[in-house]
Amino acid sequence: MALVEDGEIVEARIRLEGVLAAGSVVAARLASIGSGGRNAVATDERGCEYLLPRGAPGVTQGAGIAIEIVRETIPGSEPWKRPLARQTDRRPHLPPPLDQFPGSTTLDLPAAVDALGDAGWNDLIEEARSGTVRFAGGELRISPTPAMTLIDVDGYLPPGELAVAGAAEAARAIRRLDIGGSIGIDLPTADDRGARHRAAAAIDDDLSRPFERTAVNGFGFVQIVRPRNRASLVELALDRAAFEARALLRRVAFEGPGGKRIVAHPAVIGALEHKSGWIDTLARQIGGMVELRADAALPISGGYAETL
């Protein structure tokens, strides 16, 4: 999903196939009551485990329970971390599809025009992949860690100007790349207190609420906390094979009609081989058959398509 304003993407979200979205209410079984009334574990009918930090008062181990997912699975360096949920008395249901949000427009395949690409989707994917966001006079380096997402601002403008411009660009990138949780922004050190205040004001102006932040300290560091109920686009890109497979298919879909042979790193080809529905959708879009060929010499983001 993308929110487009004045022809540019200002917010984006990717909902992965097979991942229950935050806000879903599902029937589960209490696998563990936890300890001290906290950190219970529930298992849904698919066998997926959810951590309930507040426990499940009044529910015995092995009993049925309804849970609401509050944070989806987060890929990255700690795959052992379970998605988070809480006990609820609501009936099981799924949140509405992304295309049912008010004012939304569905972009189906096959399609003659890549409206999402025209709005800058491919550039957005490159930002997520590289963690680099360039702007006039500088750039951001975005690094997800288990504790927080860190954003380093660097460039050639005078420190005060770069701090204000970098703060504004960081706020827009946070929104655009769907970054939540604890976020640290390392701005250039500005001796001018007024520049630090202007940098803080730029964050307030450009970042959608709700969020909390600290003041910009004398070393140029500011911390932001936003709701975190799913992975950011930068975190999704850490699952490289699946991320690159989706990006490659989407790019090939608009490269012209006719049969294609997709050539990519073996990990990407492996991800595509397990998603026959994706290949079928691409074949309908291009009006021809799709073949796959692995090439270990290619970088994982270096896939391309040959015309059959």
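Each of 121, 278 has some number of other Cβ atoms within 10 Å of its Cβ, and from fewest to most they run 278, 121. Taking packing as the residue-averaged number of other Cβ atoms within 10 angstrom, the listed peptides 179-187, 63-71, 144-152, 208-216 run from highest to lowest as 179-187, 63-71, 144-152, 208-216. A simple spin-label model places pseudo-atoms 7 Å from Cα toward Cβ; at residue 191 and residue 156 they are separated by 2.3 nm. What the Cα atoms of the chain give is an Rg and a Dmax of 21.9, 63 Å. Taking a spot 7 Å from the Cα of residue 201 along the direction of its beta carbon, which residues of region 162-193 have an amide N less than 18 Å from it? The answer is 162-172, 190-193, whose backbone nitrogens lie closer than 18 Å to the label point.
Applying 0.36 nm per residue to the separation of residue 29 and residue 240 and subtracting their alpha-carbon distance, the gain on full extension is 72.7 nm.
Here region 239-307 is treated as a Stokes sphere of Kirkwood radius computed over C-alpha pairs; at 10 °C and 1.306 mPa s its diffusion coefficient rounds to 138 µm²/s.
Could the peptides 86-93, 280-287 be put in order, highest first, of the mean number of other beta-carbon atoms found within 10 Å of their residues?
Working: 86-93: 12.5, 280-287: 16.0.
Going from most to least packed, we get 280-287, 86-93.
Residue order for 252, 225, 164, fewest other beta carbons within 10 angstrom first, comes to 225, 252, 164. Spin-label pair residue 289-residue 307: with each label point 7 Å from Cα along the Cα-Cβ axis, the two points sit 1.9 nm from one another. Between residue 275 and residue 61, full extension at 0.36 nm per residue minus the direct alpha carbon distance yields a gain of 73.4 nm.
The numbers here are math on the coordinates, done by the rules we state, and not lab data. The structure displayed is predicted, hence computed values, not measured ones. Backbone-built Cβ (ideal geometry, glycine too); neighbour counts: all protein chains shown.
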